[in-house]
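The values are calculated or read from the model by the stated rules, or taken from the named source; none is laboratory data. The shown structure was predicted, so the numbers you read here are calculated from the model rather than taken from an experiment. Glycine also receives a Cβ, built like all others from the backbone with ideal geometry; neighbour counts cover every protein chain displayed. All accessible areas refer to the heavy atoms of the entire protein, side chains included, with ligands and DNA or RNA removed. Shrake-Rupley method; radii C 1.70, N 1.55, O 1.52, S 1.80 Å.
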Amino acid sequence: MKIVRLLMMAIIIVLMVAFVFSKNNWDEKIEQHSQQSMDNVAQTKSMEVLGEKEIVQEKESTEEKAEVIEDEEKAASVKSEESEFYNLLLEQKITSIKLLGDGITAGYGHSAYSAPDGGRIIFHGNGETYREAGYEFDSWANQLRNYASKPEFGEVDVINAGIRDKTADWTLRNLDRLLKPKEEAVIVMIGTDDRIFITLEEYEATMRKLLAVADERSESMIVMSPPPSKEDLQPYKFTMKEINEVLKNISEEKGYTFISQFDAFQEQMENGVKYESLMQTATSNPQNDGYELIWQTMKQELDLQ
């Protein structure tokens, strides 16, 4: 009996040891499985985060590429607009260019300005007759005329309908006498003297109508803002800077080709060029160097080669 008890106790001890060993293995397996599950979850989250980052980076990269493409397309579009006038000349699709403006278009203020006594008539009506300014001095209009006379452009007639002391309001009211029903190319720069007579809002309304008609009647229209001038010459109702902004905004809105002579003059003065060397101080007309700057700005902005 004693031997049997001893055997029973030994069996029980062996079973208990086996149980404990088995339990420890089981706990280790559970712990390993749990740790593996946690690692898998962490890895999955990490992959998700990486995936989200990649998506964000890819999206940002795509957006950046799209912005670059859009900027390039805008630049190409602007370049195309700049070159359109030159290409039309080169293809001999422009045989006449009409200039609408005031004394700055006529060339008044240039030291070699010649009064339009014998020039061709550019306006006749309401008891008034105005003739075209002379061709011999270097106004921006005459420099354009000389440029357009290149043999590769064919026969191009530049009609300078700039008239001293006239306003945008007067030009609009007499537009039928200044413009034909169909023009090939028209360049408009006017507004310096409007500051004396009307408000900025009235000037904007006038220019919207004037440019709409000029654009409708022409194959190619260019809008230019006048250069800056002294603001204390008259009790002006608005500034040349405001004229520049009005014309720029209208042109951007309507898709007109726009050249800011105001900005070109301001840039030169910021670079140290004296106002007095570009503009007269007793009038709002340019000096000789000012007329040269207007022409050089046109050449650059219109990509005239």
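Within the stretch 125-170, being out of contact with any Lys or Arg (no Cβ under 7 Å at 6 or more places or on another chain), under 30 Å from F197 (Cα atoms) and loosely packed, with under 15 Cβ neighbours inside 10 Å holds for N126, G127, E128, T129, D165.
Taking first residues from the stretch 155-182 that are farther than 22 Å from A115 by Cα and partners that are assigned to a helix (DSSP H, G or I) and basic (K, R), the Cβ contacts under 8 Å between residues at least 6 apart in sequence or on separate chains come to L172/K209; L179/R217; K180/R217; P181/R217; K182/R217. Of note, K241 satisfies the criterion of being closer than 30 Å to E219 by Cα and free of Cβ contacts under 8 Å to residues at least 24 places away in the same chain. Determine whether Y113 is farther than 20 Å from D194 by Cα, open to solvent by 10 Å² or more (accessible area, probe 1.4 Å) and part of a loop (DSSP other than H, G, I, E, B). Yes; evaluated as a whole, the condition is true for this residue. Of the numbered conditions (1) farther than 18 Å from K230 by Cβ; (2) open to solvent by 20 Å² or more (accessible area, probe 1.4 Å); (3) in contact with a strand residue (DSSP E or B) (Cβ under 8 Å, 6 or more places away or on another chain), G272 satisfies every one except a single condition; which is it? It is condition (3) that G272 fails.
Give S251, S260, S225 a once-over and let me know the one that is open to solvent by 10 Å² or more (accessible area, probe 1.4 Å) and of a type outside the set (A, V, I, L, M). Unique residue meeting the criteria: S260. Which one is modelled with the lowest pLDDT, of the residues in the stretch 133-165 that are farther than 14 Å from G109 by Cα and of a type in the set (F, W, Y)? Among those that are farther than 14 Å from G109 by Cα and of a type in the set (F, W, Y), it is Y135. Looking only at residues in the stretch 98-118 that are of a type in the set (G, A, S) and closer than 25 Å to V223 by Cβ, which one is modelled with the lowest pLDDT? So the residue we want is G109. Taking the stretch 175-203 as the range and being in contact with a strand residue (DSSP E or B) (Cβ under 7 Å, 6 or more places away or on another chain) and not in a strand (DSSP E or B) as the test, the residues that pass are R177, L178, L179, I190. Scanning the stretch 185-200 for residues that are closer than 19 Å to F258 by Cβ and open to solvent by 10 Å² or more (accessible area, probe 1.4 Å) yields a single hit, L200.
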